[in-house]
Amino acid sequence: MAKYQAPDFQERVSAASRARGEALAGYKAKPPVDEAVVAARAAARAAKEAAHREKVEQKRIARAEEQAAKAAARAEADAKAAAKVELTEEERKAARDARYAARKNRKK
């Protein structure tokens, strides 16, 4: 097995120079930026962002409407519960008597 020999200074300098040259050649090989393509991409990005904002706004509106409907349902339920509580003494006595009479009729 061959013994490892670290590259000397000249080999490291030439390798770095070669790598820099290859990187520069790769960079120069890139096609130039086409302004029309950049503008089209920017317009597409803006349209996508506007659509996303619209979607978020629609969801926010739907959520607010849903919360308003729930609040209205709760208010209606509370109103019905309050109406039940506000029965007069005579109405409660009449309801109790009606239940008693119905129970008596079932036993017959």
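Being at pLDDT below 95 and of a type in the set (V, I, T) narrows it down to one of V56, V37, so name that one.
V37
Pull out all pairs, ordered by first then second residue, where Cβ-Cβ is under 8 Å, the residues are six or more apart or on different chains, the first lies in region 4-24 and is on the phi < 0 side of the Ramachandran plot, and the second is surrounded by 10 or more Cβ atoms within 10 Å (Cβ to Cβ) and in a loop (DSSP other than H, G, I, E, B).
A15/P7
The values are calculated or read from the model by the stated rules, or taken from the named source; none is laboratory data. On a predicted model such as this, the values are computed, not experimentally measured, just so you know. Cβ: placed from backbone, ideal geometry, glycine included. Neighbour counts: every protein chain shown.
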